[in-house]
Structure formats: C-alpha cells, structure tokens
Amino acid sequence: MYRYDDFDEAFVRNRVAQFRDQVERRLSGALTEEEFRPLRLMNGLYLQLHAYMLRVAIPYGTLDSRKMRQLALIAERWDKGYGHFTTRQNIQFNWPRLTDVPAILDALADVEMHAIQTSGNTIRNVTADHFAGAAADEIADPRPVAELLRQWSTDHPEFQFLPRKFKIAITGSPNDRAVTRAHDIGLRMVTQDGQPGFEVVVGGGLGRTPMIGKVLRDFLPQADLLPYVEAILATYNLLGRRDNKYKARIKITVHETGLEEFRDMVEAEFPARRALFAGGDQELLAQIEAAFAPPAFRNAPVDAYETARAADPVFRAWADTNLAAHRHPDYAIATISLKAHGETPGDATAEQMRIMADLAARYGHDELRISHEQNVILPHVHKSDLPAVHAALKAVGLATANLGLVSDIIACPGMDYCALATARSIPVAQKIAQRFDELKLEHDIGPLKLKISGCINACGHHHVGHIGILGLDRAGVENYQVTLGGDGTETAAVGERAGPGFAYDEIVPAIERLLRAYLEQRESREETFLEAYRRLGPAPFKAALYPEEGRRDAA
Amino acid sequence: MSRRFTPKVVTANALIEGDVIYLTADDRWSKQHHEAELIEDEAHAEIRLLFAQAQPDRVVGPYLAEARPGAHGPEPVHFREAFRTRGPSNYAHGKQEAEAH
Ligand code: HEM
Ligand code: SF4
C-alpha cells in the first residue's frame, strides 16, 4: 500500500497541532464561532443537528487493516461505536465532542489519515472506481493517478479559494463505477495507438442543477494530466461565479460560457502550464505506481469454492450477488453489504470494522475499499477462501446478499443528522429495504439503483438513481419526490421527475406499486428496470405511482 | 395592523458536545425543550436572542424557533424542531439515550 512520506507526515501533524490550538482559543473565547467555523471546516469538522460530525477522507476509497482498525478504535473511544461510510468515499463520525477532535485527528495521523480538504472550496478527496486494481474489465489501475492528483491538490496555494468545492473522480475501466460524469472533472483512462491517456469530462454535478459532464478532451496523453487539470482549474478560478453560491460550480461556468469557448480558454492556458512541469510529476507517478503494484496472487486450487457453492444455498446466493469478476481467474472481488435490511445504509460498528480488517489481513492481501455506494470491498480474495470469508461475515451480520438490488440503497444522512436537510432519508431507506425483504421480491426484481437524498443538495445521488427519491419540506410536512430513469454509469442520465411528491407514509407503497408495474411490464427477467423504463417511457410507471389520476382521467 | 407574533423559544447547540439546548426563563441552558422559556412577545424575543448571542463560549448558532404551549411546557411546531428535541430516528442516540438511563 502507498505510504506517505515524511513531508506528508509533518504536514498532517502540523495541521493537528494548529487545530488543537484553534480549539483551545475557541473554548477560551479568543475565537468567535464566525472565526472558528472556517478553521474547523478545513479540518473536516461540521456541526450537524444533534452533534459535531467529523468527516475523514479515505483517498480513492482504499484502506488496509491497520487503518480500518484505527477507525474502529476511534468509533469506540470517541464516538458511539460506529462510523458512517458515505458516497464520497469518506467516513463520518456523528458524535465527537469538540474537545476530543484534536486527539481523534492525532489518532488518524498515526495511520496516515486525515480530514483535510473534506470541506471548503478546495479540491476534495479524489474518488476512484472501488474495484480499482482488481476488476477484470480494467485498462489500468486509476489509483496511482488519483494519488498523484491528491498530492498535487493538497494545499495547492492557487486552489484553496475556488469559487466552490471541486470534485474529481477517476476510473480505469470502460464500465464507469465511479460516477465520473457527475463530477466537476471526470477522468476515464483510455488508450490511443497504444499510448495511455484520459478522456476528460468536465462540468458534471448533482445538487439543485444536475448536469451530466461534457467531454472536454477525448484523448489527453498521460503526461499532460496535471498541467491540463491545472489549466481547467485556473480557467474556472477566473470565470467561476463568486456572487451566487448556487451558480458557482464549474458545471454552471461551463454551461454559461459554452463548452467550445471554455475549451478554447483551457487550451490557451495549457501551454504555459505545461512549461512549468519539468517531468518531476511523471517521475513521481512512476514511484507511486510502484507502490501500487498488484499483490502476489496465489496459485491454489479453487475446489473448495465449487464445493461450498454446491452444498450451501446461502453461500451460493451471496456469491451470485456480491462477487464480481477479478482480473485473476482464481480470485474474486467480494463486496460486503452495509445494507442489511432495516439497518442504516453505510453504517458499520467497531466490531464489524475489526472483522473486515481481520478478513482483509487474513484473506485479502490486506486491502479494503469503500465504495460510493456505501459498501466495503475485499478486492482480492482467492476463491478457495470465500466460504471462510462468508462464514465470518455472517457471524456479524455482514453477509447480506443484496448487492445491486433494491435494498442496496444509497441514502444520505438526511434530517436524522444533517443540518441542511428538508426531510429524513435513512428511515425511508430502512422501510423500503424491509418491505422488499418481506415480499421476497428483490432477487426477482433484479438490478436496481435506488438512491435517496434528504434535500436538493443531492448527496444521496438521487438524480442518477434508476429510482431517485428526494425528501422535501412541503408546508411543514415531509414530502418525497420520485425521479425515474437516472443512471450514474458511462451511459449517465439525470432522472425525470415523475409527478407530485408523496407523504412519509405513502412513499414505500408508491415504490412498491412502481416495481410491481415493472414486473408486469418487463419483456423477460433479463430486461432490467432501467431498460424497461427506456423502452416504455415514463407513462406506465407514472400510472402505477398515481393510480388516482388514471381513474380520474378515465372518468 | 401588525402580524400576530407566533411564540418562540431560543435554541442553539452546546459548544462542546454540539447537543441541542434551549434557553430557560431563569437563564440556564436546558437540553429539554419543555423547560424552555416560551416567548410570546417579539421585543422580548429579540432581547433573549441577544442574551444568547452574548454567550459564544457556551453556545453555537442561537436562533428563535417556533413553539406552542403544551401540557408540560413548550412544544415544537415544525418537524425539524421536533427531531431536534429527540435525536436521530435510526438509533436511540442523542437525547433518547439520556432518557433510557
Ligand atoms: C454535514 C453534512 C453535509 C453537508 C453540509 C453537505 C453539503 C452539501 C451541499 C451544499 C451540496 C451541494 C453542492 C452544490 O450543488 O454546489 C452537496 C452535494 C453533495 N454532497 Fe454533501 N453534504 C453533507 C453530507 C454529505 C454526505 C454524508 C455525503 C455522502 C454520503 C455527501 C456527498 C455529496 C455529494 C455526492 C454531492 C453531490 C455532488 C455534487 O457535489 O454535485 N454529502 N453537499
Ligand atoms: S442531500 Fe441534503 S440532507 Fe442529504 S446530506 Fe446532503 S445536504 Fe444533508
């Protein structure tokens, strides 16, 4: 695993020392809240509805067992024994006391982790495909590039006060699992004439004005990455609106400027930027790449796997649902669902974190990943070890076989935690998962992305859910709007609003009607919900959501 | 004609724990909504808010939240304020924890 160098270590420790001092000055009254707020946000500390929340970056979603164990320790010692994994490959602790936060940051620094640039108008945690370095369909591991971007962007003096937050995602696979098209910059690794490079997508984003990113360059040679990204950021830094927070993201800049003109400006800036890079970045990249060399895969028979599959239907169901193809034929990528029916999506207890750490150390070449879908991944498991992994997961409630199904829901914290929320999202997710579990319908329904946000900011990615749910406050009552047909992959699309929203106790039955309509309308089991929606359009689904209206129209 | 003033309580988050707190009539900060001072007069509300804002070493972000009289003291009006009196709905954490003890 990549290790930070002494420079990083000193930088992070320094930041912790500064923050400890800032907390003391806040407590003594030397700093007002107005003065302190930007300082705490720079260190990932938010004040939510009921408590502070500390957001910790998990760069490109990669952890080892040592880091995971430290997260468990923090959860136990300073929080309420659990942590919440988020759609941006972060972990959030929901209950730290202000006075404990410097100690938590020190504990993070002990394992080379931190909360820097998890907030503020800076370049945020760079996210990557959670199957990076393991997926069978991958062209190249995107994490070295993500790490290069992380080093380049951390504390970059030119980009600490951007018009707004800035999010970069990268995938090394043609199957986009990193939602690159909904990011400020999305990078897709591609090759041209045998040369590695990137397709550069710009101006995607969710929030109140969702937009799918547009291709700025269809092929950027690998060596030009940093200067080109710098040129994009410099152009945005200059053009981006600072008068209106809702129009400050690069998606609006690109939209208002026009893609062609924006591209011309970036290209005009690019040569000067490139001249400043003397190749040091490429040397660094080569060093980083060496640190990301694949583990020494084991050659061993896989009979144990086949035997367990044949003998144990519970194991077979889990294997069929939660495993993905690995680049090594004897290995599998195992996704651990943090979506047990009725539990909070993305939450893991300290005990569960320790079990996952143990399994990674024992069976997984000491690697763990966090997905934007709020699950944990063991990216490299030899197939013969899968029965043992499954048994250990089952013992701590982590063996739910629901990956990619209706109960594998992304839900933002919503009004149970978030100060910006207009409605709750977690209990809606819990109730939908429980309902479809009761009905025993989710395997029949098949692949489905259901995503819930508790306000228009769209942290729960509802715009790109096949079914999206947006919680709103309508005249002092929680109200849930449904969007249909969204897609976060390489065929990205923003979902369309189906119609008027539903009350809190109406939303679960509405989703049930919607999915029953799909089951009736699909051509075969092979036709997924999204495919059926694309074939049929919204009409039959709207009819299922709003049966009253159909009756009224017919009358 | 002046609009009728809807009753309010002063609420904030505690500086160290972040927990939701309410200003009482005897100038304490309570974790219980029903112990809050129910303010029925606009001018008095302003004074009480200023009083809260003058305590940055104890509270963060004080504001006036709508409330109404209830059997045991003031009750929240909006659902957001109702959630703030309890804590999250997915775990018995926050104030619900204290109640369970
Ligand atoms: C203290 C809690 C949070 C606050 C204050 C917050 C704030 C915001 C705001 C204001 C936006 C809209 C940005 C814009 O449209 O310009 C946003 C978007 C977003 N946030 Fe959060 N958020 C919080 C929690 C989370 C969590 C828990 C996650 C991950 C589960 C998350 C992930 C995202 C994502 C994916 C987006 C949409 C992508 C985009 O930036 O366009 N946020 N957030
Ligand atoms: S979508 Fe809204 S409610 Fe949900 S976490 Fe983001 S800001 Fe909070």
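Points to keep in mind about this one:
- Residue ranges of helices (runs of 4 or more DSSP H) in the range A:213-299 with at least 3 members in contact with an Asp or Glu (Cβ under 7 Å, 6 or more places away or on another chain) and either open to solvent by 60 Å² or more (accessible area, probe 1.4 Å) or more than 16 Å from ligand 2 (Cβ to nearest atom) (or both): A:225-239
- Selection count, the range A:394-423, where residues are open to solvent by 10 Å² or more (accessible area, probe 1.4 Å) and more than 16 Å from ligand 1 (Cβ to nearest atom): 10
- Conditions (1) in a helix (DSSP H, G or I); (2) open to solvent by 30 Å² or more (accessible area, probe 1.4 Å); number of the one not met by A:His328: (1)
- Members of the range A:35-59 that are more than 30 Å from A:Val145 (Cβ to Cβ) and either among the small types (Gly, Ala, Ser) or not assigned by TED's automatic domain parsing to the domain that holds A:Arg88 (or both): A:Ala51
- Some residue of the range B:3-15 being within 11 Å of chain A (Cβ to nearest Cβ) and open to solvent by 40 Å² or more (accessible area, probe 1.4 Å): no
- Looking only at the range A:168-177, residues that are open to solvent by 10 Å² or more (accessible area, probe 1.4 Å) and within 11 Å of the chain's Cα centre (by Cα) come to 1 in all.
- Evaluation of A:Ala304 against (1) open to solvent by less than 60 Å² (accessible area, probe 1.4 Å); (2) closer than 21 Å to A:Ala146 by Cα; (3) over 28 Å from the mean Cα position of the chain (by Cα) (one fails), failing number: (2)
- Answer residue from the range A:172-208, given it is in contact with a His (Cβ under 8 Å, 6 or more places away or on another chain) and within 14 Å of ligand 1 (Cβ to nearest atom) and is nearest to the other protein chains (Cβ to nearest Cβ) among those: A:Leu206
- A:Thr180 falls short on exactly one of the conditions (1) touching a residue at least 24 places away in the same chain (Cβ under 8 Å); (2) more than 19 Å from the chain's Cα centre (by Cα); (3) closer than 30 Å to A:Gly486 by Cα, and that condition is (2).
- Any hit, the range A:485-503, residues being within 21 Å of A:Pro413 (Cβ to Cβ), touching a Phe, Trp or Tyr at 6+ places or on another chain (Cβ under 8 Å) and not in a strand (DSSP E or B): yes
- Residue match in the range A:114-127 (condition: in a loop (DSSP other than H, G, I, E, B), within 14 Å of another protein chain (Cβ to nearest Cβ) and open to solvent by 10 Å² or more (accessible area, probe 1.4 Å)): no
- Scanning the range A:55-91 for residues that are more than 24 Å from A:Gly186 (Cβ to Cβ) and touching a Lys or Arg at 6+ places or on another chain (Cβ under 7 Å) yields A:Arg69, A:Ala72.
- Pairs with Cβ under 6 Å, 6+ apart, first in the range B:15-32 and on the phi > 0 side of the Ramachandran plot, second assigned to a loop (DSSP other than H, G, I, E, B): B:Gly18/A:Ala51
- Of all residues in the range B:48-68, those being within 11 Å of chain A (Cβ to nearest Cβ) and open to solvent by less than 50 Å² (accessible area, probe 1.4 Å) number 5.
- Among the residues of the range B:69-90, those identified as surrounded by fewer than 18 Cβ atoms within 10 Å (Cβ to Cβ), among the hydrophobic types (A, V, I, L, M, F, W, C) and within 11 Å of chain A (Cβ to nearest Cβ) are B:Val77, B:Phe79, B:Ala82.
- Hey, A:Ala51 of a type in the set (A, V, I, L, M), in contact (Cβ under 8 Å) with a residue 12 or more places away in the chain and within 13 Å of chain B (Cβ to nearest Cβ) or not: yes
Per-residue answers, yes or no, for (1) out of contact with any Lys or Arg (no Cβ under 7 Å at 6 or more places or on another chain); (2) more than 30 Å from A:Asp79 (Cβ to Cβ); (3) of a type in the set (Phe, Trp, Tyr):
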| residue | (1), (2), (3) |
| --- | --- |
| B:Asn13 | yes, no, no |
| B:Arg28 | yes, no, no |
| B:Leu38 | yes, yes, no |
| B:Asp41 | yes, yes, no |
| B:Arg48 | yes, yes, no |
| B:Ala54 | yes, yes, no |
| B:Tyr63 | yes, no, yes |
| B:Gly73 | yes, yes, no |
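- Among the numbered conditions (1) open to solvent by less than 30 Å² (accessible area, probe 1.4 Å); (2) modelled with pLDDT of 95 or more; (3) over 20 Å from the mean Cα position of the chain (by Cα), the only one that A:Arg25 does not meet is (1).
- Number of positions in the range A:19-48 that are without any contact (Cβ under 8 Å) to a residue 24 or more places away in the chain and away from chain B (no Cβ under 14 Å): 1
- Tallying residues that are outside any strand (DSSP E or B) and within 14 Å of chain B (Cβ to nearest Cβ) within the range A:449-484 yields 4.
- Checking each residue in the range B:78-99 for being without any contact (Cβ under 8 Å) to a residue 60 or more places away in the chain and of a type outside the set (D, E, K, R) picks out B:His78, B:Phe79, B:Ala82, B:Phe83, B:Gly87, B:Pro88, B:Ser89, B:Asn90, B:Tyr91, B:Ala92, B:His93, B:Gln96.
- Of the numbered criteria (1) at pLDDT below 95; (2) within 29 Å of the chain's Cα centre (by Cα), the one A:Leu470 fails is (1).
- Single residue of A:Val12, A:Val56 found to be within 16 Å of ligand 1 (Cβ to nearest atom) and farther than 29 Å from B:His33 by Cβ: A:Val56
The values are calculated or read from the model by the stated rules, or taken from the named source; none is laboratory data. None of these values were measured; they are calculated from a predicted model. Methodologically, a virtual Cβ is constructed for each residue, glycine included, from the backbone with ideal geometry; neighbour enumeration extends over all protein chains shown. Remember, those area values only see protein heavy atoms, side chains included, never the ligands or the DNA or RNA. Shrake-Rupley method; radii C 1.70, N 1.55, O 1.52, S 1.80 Å.
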